[in-house]
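So the structure is just underneath, and the comments pick up after that.
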Amino acid sequence: MGLARPTPYRLRTAATLALALLLPGCALSRWLTPDAPSSGMPLPRTLRNAEDGLAAHWPDARWWRGFGSPELDRLMAEAMAANQTIAVAEAQLRQADAQLRIAGATLLPILNLTGSASRVQTTVAAATAGAVQSANRIRKTSSNSIGLAGSYEIDFWGKNRATVEVAQQSQAAFRFNLGAVTITTSAAVANTYFAMLAAREQVEIQQSNLRTAERVLETLRARLTVGTATGLDVAQQETVVAQIRANLPPFLQSMEQNRNALATLTGRPPATLAVADRGDLEGLTVPAPAPGLTAEILVRRPDVWQAEANLAAANANVVFARAQMLPTITLTGSGGFQSIAIESLMQPGSAVFNIAAGLLQPIFRGGALIGQVRLNEAQAMELLAAYRQAILDALQDTEDAVVALRETTQREALQAGAVRAAERAYAIADAQLRAGTIDVITLLNVQQSLFTARQTLVLAKLDRLQAAVGLYRALGGGWDTPA
């Protein structure tokens, strides 16, 4: 709430307080009740790229098992147990649990046990009878007490309840953050493992291409000796062989770097990670989850839940700031026993008590209270926008993942056909070269097409696998939705 024109801070605070106190009971209750988190965005019922009539097929919590790779299963288990990013998120959640416990204590009385024992010695000057002289007398006094002291703030305006609500929603946000981190980590493990397998397969293909090119080079050198080939033919093929050899190191580098990344994801130094050499892309299956309704997709996304929890915490913070401008009523009391002698300390005549009530109404804080309200309201508006953006990002992520899996599947099938055609063309060209019916240039072109097609097929396989991982991640795979 605000005023129509600027006023000095003192008048502004007083006017705000007066308006709050003059509000009808129901209006004041609404003013001091956190808004329910809502994006207010109209959403389509289904995705644009989802297949009509296809039932939803949600990812399993252990979705990576669908690829049929025991080595991936092992790496994933290690990552879930030892990944340090997940460990950070778990520690943050434990901190949020503790903060919730601290915030909950504001709704309860504070009670302290008090006790004291003292002995004081003083010197008192006393005059003697009939004389001017005085004699010093020593006085010793003792005091012993034991009791309870307590205080309780009446949460009349819901300020402390708002504090607890903030802590509850923050704890929920950290719980959802843990889910999001877990999904991201599992997807990173799968993508990195597949990238390592792809680099390994590219190395094998490049080595196979090198053997093929070297056989052609031997053939051309043999023909050069009998005069059926030229030195240029041999030089051109030597260039092909040298280029294939030069292309090997980048693939080896990629393979080792992905292996190192897997070690970090599984929480261990790179030198200690061993990955089985028997895995390849060809032996993997590609299961395909299918999205359901838009609302179901959003429910399965922990990042959307996290954004909603952050918004709910911000709304509760607004209520807390508003309640800070209203009176605070505190009850205090103490009671116990006090005596100069320990043996009589617990007797009824030694009982003492004190009960008091206090009221604190902020009058002038230099505009800090209303400024805090406006700050919290602006933060809530920021988090509302972030909540809406999280919804849009989730829907775009899912749409993109559905398209990517569909198109990469088609691309892999088409590229596999291109490889088969290139292999047939190379077999024909090689036979014709040996028969002397074609020149070397034709063979080099066919040979290069085959080599390129093989490497492109590996990339197509990798793209399809990573697209499947992306769809699993977009649909919240590996995370259990809250009850």
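To keep it simple, each residue is scored yes or no on (1) modelled with pLDDT of 90 or more; (2) assigned to a loop (DSSP other than H, G, I, E, B); (3) of a type in the set (F, W, Y).
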site: G40; (1), (2), (3): no, yes, no
site: N49; (1), (2), (3): no, yes, no
site: A87; (1), (2), (3): yes, no, no
site: G115; (1), (2), (3): no, no, no
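Listed by first and then second residue, the pairs with beta-carbon distance under 9 Å, at least 6 apart or on different chains, first residue in region 79-101 and on the phi < 0 side of the Ramachandran plot and surrounded by fewer than 16 Cβ atoms within 10 Å (Cβ to Cβ), second among the charged types (D, E, K, R) and not in a helix (DSSP H, G or I), are A82/R268. Within the set I340, I355, I329, the sole residue that is free of Cβ contacts under 8 Å to residues at least 40 places away in the same chain and touching a strand residue (DSSP E or B) at 6+ places or on another chain (Cβ under 6 Å) turns out to be I355. Of the conditions (1) within 30 Å of A180 (Cα to Cα); (2) of a type in the set (A, V, I, L, M); (3) modelled with pLDDT under 85, A129 fails just one. Which one is it? Just one mismatch for A129, condition (1).
Tally time: how many residues in region 291-301 are part of a helix (DSSP H, G or I) and surrounded by fewer than 24 Cβ atoms within 10 Å (Cβ to Cβ)?
5
Of all residues in region 135-186, those satisfying the criterion of being in contact with a helix residue (DSSP H, G or I) (Cβ under 9 Å, 6 or more places away or on another chain) and over 30 Å from T33 (Cα atoms) are S142, N144, S145, V181, T182, I183, T184, T185, S186.
Yes or no, residue by residue, for (1) within 37 Å of the chain's Cα centre (by Cα); (2) part of a helix (DSSP H, G or I); (3) touching a residue at least 24 places away in the same chain (Cβ under 8 Å); (4) over 30 Å from A180 (Cβ atoms):
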site: V403; (1), (2), (3), (4): yes, yes, yes, no
site: Q410; (1), (2), (3), (4): yes, yes, no, yes
site: A418; (1), (2), (3), (4): no, yes, yes, yes
site: E423; (1), (2), (3), (4): no, yes, yes, yes
site: Y426; (1), (2), (3), (4): no, yes, yes, yes
site: Q432; (1), (2), (3), (4): no, yes, no, yes
site: S449; (1), (2), (3), (4): no, yes, yes, yes
site: K461; (1), (2), (3), (4): yes, yes, yes, no
site: Q466; (1), (2), (3), (4): yes, yes, yes, no
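Give me the pairs, please: first residue somewhere in region 264-283 and assigned to a helix (DSSP H, G or I), second residue anywhere and at pLDDT 90 or above and among the aromatic types (F, W, Y), beta-carbon distance under 9 Å, and either six or more positions apart or on two chains. Here the result reads L281/F194, each pair linking region 264-283 to a residue that is at pLDDT 90 or above and among the aromatic types (F, W, Y).
Of all the residues in region 226-248, those that are over 22 Å from T452 (Cα atoms) and at pLDDT 90 or above number 2. Does any residue of region 180-189 turn out to be of a type in the set (A, V, I, L, M), over 30 Å from Q257 (Cβ atoms), surrounded by fewer than 20 Cβ atoms within 10 Å (Cβ to Cβ) and modelled with pLDDT of 90 or more? No, because not a single residue in region 180-189 is of a type in the set (A, V, I, L, M), over 30 Å from Q257 (Cβ atoms), surrounded by fewer than 20 Cβ atoms within 10 Å (Cβ to Cβ) and modelled with pLDDT of 90 or more. Listed by first and then second residue, the pairs linking a residue in region 104-123 that is of a type in the set (G, A, S) to a residue that is surrounded by 10 or more Cβ atoms within 10 Å (Cβ to Cβ), with Cβ atoms under 6 Å apart and 6 or more places separating them unless they lie on different chains, are G104/V164; G115/I146; S116/S145; A117/N144; S118/S143. Residue-level check: of (1) at positive phi; (2) surrounded by fewer than 21 Cβ atoms within 10 Å (Cβ to Cβ); (3) not charged (D, E, K, R), T452 misses just (1). Condition first: surrounded by 14 or more Cβ atoms within 10 Å (Cβ to Cβ), of a type in the set (D, E, K, R) and over 30 Å from P37 (Cβ atoms). Can you find one or more residues in region 413-420 that meet it? Looking through region 413-420, none of the residues is surrounded by 14 or more Cβ atoms within 10 Å (Cβ to Cβ), of a type in the set (D, E, K, R) and over 30 Å from P37 (Cβ atoms).
If you go through region 233-247 one residue at a time, do you hit one that is at positive phi and not hydrophobic (A, V, I, L, M, F, W, C)?
no
Consider K140 carefully, then state whether it is among the basic types (K, R), more than 30 Å from T266 (Cβ to Cβ) and touching a residue at least 24 places away in the same chain (Cβ under 8 Å). Considered against the rule, which asks whether it is among the basic types (K, R), more than 30 Å from T266 (Cβ to Cβ) and touching a residue at least 24 places away in the same chain (Cβ under 8 Å), K140 comes out as no. One residue alone among R139, R200 is surrounded by fewer than 21 Cβ atoms within 10 Å (Cβ to Cβ) and of a type in the set (K, R), and that residue is R139. The residues on offer are W63, W31, W58, and the sole one that is modelled with pLDDT of 90 or more and either over 22 Å from W157 (Cβ atoms) or touching a Lys or Arg at 6+ places or on another chain (Cβ under 8 Å) (or both) is W63.
Just one of the numbered conditions (1) buried (at least 18 other Cβ atoms within 10 Å of the Cβ); (2) touching an Asp or Glu at 6+ places or on another chain (Cβ under 9 Å); (3) within 30 Å of G40 (Cα to Cα); (4) at pLDDT below 85 is not true of V304: (4).
Condition first: over 28 Å from the mean Cα position of the chain (by Cα) and among the hydrophobic types (A, V, I, L, M, F, W, C). Now tell me which residues in region 275-297 satisfy that. Residues satisfying the conditions are A276, L281, L284.
The values are calculated or read from the model by the stated rules, or taken from the named source; none is laboratory data. Computed from a predicted model, the values in this text were never measured in an experiment. Reconstructed Cβ throughout: ideal geometry from the backbone, glycine too, with neighbour counts over all protein chains shown.
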